[in-house]
1. Of 464, 335, 423, whose Cα points farthest to the positive end of the dipole of region 273-509 (charges on the beta-carbon: +1 Lys, Arg; -1 Asp, Glu; origin at the Cα centre)?
2. Restricting the count to DSSP beta bridges whose residues both fall in the chain, what percent are antiparallel, rounded to a multiple of 5?
3. Given a Förster distance of 51 angstrom, what is the FRET efficiency for residue 360 paired with residue 240, based on the Cβ-Cβ distance and rounded to 0.05?
4. Roughly how many Å is it from the Cα centre of region 146-222 to that of region 347-424, as a whole number?
5. Which of 78, 68 comes first, and how do the rest follow, when ranked by fewest Cβ neighbours within 10 Å?
6. Please rank 146, 294, fewest neighbouring Cβ atoms within 10 Å first, as an exposure proxy.
7. So, how do all the Cα-to-Cα distances of the chain break down into 20 Å bins, in percent, from 0 on up?
8. Antiparallel versus total DSSP beta bridges in region 362-520: what percent is that, nearest 5?
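Where a number appears in this text, it was derived from the coordinates with a stated rule and is not lab data. As the structure is a computational prediction, the values presented were derived from the model and not from experiment. FYI the Cβ positions are ideal-geometry reconstructions off the backbone, even for glycines, and counts take in every protein chain you see.
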Amino acid sequence: MSETRHNAGEADDQPVIRLTGVGVRFGSNRVLQGVDLALYPGTITALLGTNGAGKSTLIGAISGSVSHDAGQIEIAGHSGPIGSPAAARHAGIETVHQRIADGIVPGLSVADNVLLTDLATHGHRIVRRRESLRAARAALSRLGLHWSDEVLTTDAARLGASDAQLLILARALRSTPRLLILDEPTSALTQAEADRLFEVVRSLRDAGLAIVFVSHRFGEVERLADRIVVLRDGSVTLDASRPFDWRAAIEAMLGVPTELQQHVTDPLPAGDVELDAEGVTLLPGAAALSLQIHSGHVTGVLGLLGAGKTELAEALGGARPAPGATLRLGDADFAPTSPAAAIERGVVLVPEDRQRDGIQQGWSISRTVGLPVLSEISTRLGFIRTRAETAVGAEVVRDYGVVAPSAATAVDDLSGGNQQKVMVGRWLRTDPRVALLDEPFRGVDIGARRAIGAAARAQAAGGCAVVVFSSDIDEILDVADRIIVLVQGRIVLDVPAGTVPRERLVAALLDDPHHQKESA
């Protein structure tokens, strides 16, 4: 993609950092490919993309925590590897990561946390409290913060989310960086706290700092950014300045797979309410929502990163507490305290992160598939019957078209698409009452997508209530009978599939103020 210059005020014409053809590979998986990007002083560049688009890897390549194996990175005109976060910091690159708690050391005072980089990097130890407080006050004053000595000497773990975020930002600015990367800085903040942070970010931009702002909230980006860069599948698909075309940005984020055909369901098939959820709060500050999931339907829950779809899946599947919510499964109360408790009642969850939450390193396909049905494949004394375990693994390999030499193959050795087939297959073969599939198509090719989608539809045809959670419009259009759109923890659209055009779903994802909530 050709480079486009984006100015903000009196921004310098020379980039702070330039990436040319940068690529990153993890094993056989190419995560970034051919990324061209220049970041300029006095400009806020918003980095957008769905989960798995490569945003975190790109940030890692710039900030020194990830090595690139293709292309080059130039800082102030000088090329060379950024071997570590310390090297990036030395070059004037500071990163404030999403998880605020990871940047705070409990037990140390606010002042000591502000000075933490000095203590860790240079080996300095400020013994005299007066010197510590003076240095911390100087750092905080750059953000217009004038905290009392009482606050500076208190345990930093007692700070609220907004103040903790500002503390970390003050620490990052102590070195007077040239580039500041803010990764989802408002994820734990209220609107008032976010507004306060934005004032600081704008002042830093106006002072000539280059800023990368990573956010899933389009309203924030619209208010703050001078430029948007969109990643999809590890490549830059859009690089644009104001005024932003948000529909083009959505298309650049999600793509338009031409192979998929919209599944049309109008009217919805008859089906009893299998799972009834009342008063579920998904995100801080969001109003509680209620919804009913019907047997015989594939309900598609569509939402971008931060919409609350994974929180909803985990709340329904027992993986996340749902305080204040009332759940019913059929005619009985349903209050699972763990995924195991939900499974006992016939509610299964295929998690979003199969590597972290689904795959046991070194386990075969058969052992992986057999885990949820140990009673089915074990003797009375609890010994696993090898033939029975092999049979359930072979069943998933056959029914889902898993490409593997045999069911004895380690799941780790399979491609991403085949791993996903195994993960979906092991739970759907248990004949659940409710199947919650969180991003079941992520990282799979069109063949695997169709196999998984067909399995979900077959399960629903047998009476199961299937819920597919996805950030991809076309995935939902391909499989769902009913489409629910989530935005920042709220249901903004709930309709039968085929009753609204694709453009309406895009508008709902953007939460167009002229768009009103509709119910099926």
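1. So the residue we want is 423.
2. Looking only at bridges with both residues in the chain, the antiparallel portion is about 55 percent.
3. Calculated transfer efficiency: 0.70.
4. First find each Cα centre; the distance between them is then 45 Å.
5. Taking fewest neighbouring Cβ atoms as first place, the list is 78, 68.
6. In order of increasing Cβ crowding within 10 Å: 146, 294.
7. Reading the bins upward from 0: 21, 49, 28, 2.
8. Details: 8 of 13 bridges.
Beta bridges within region 362-520, antiparallel portion: roughly 60 percent.
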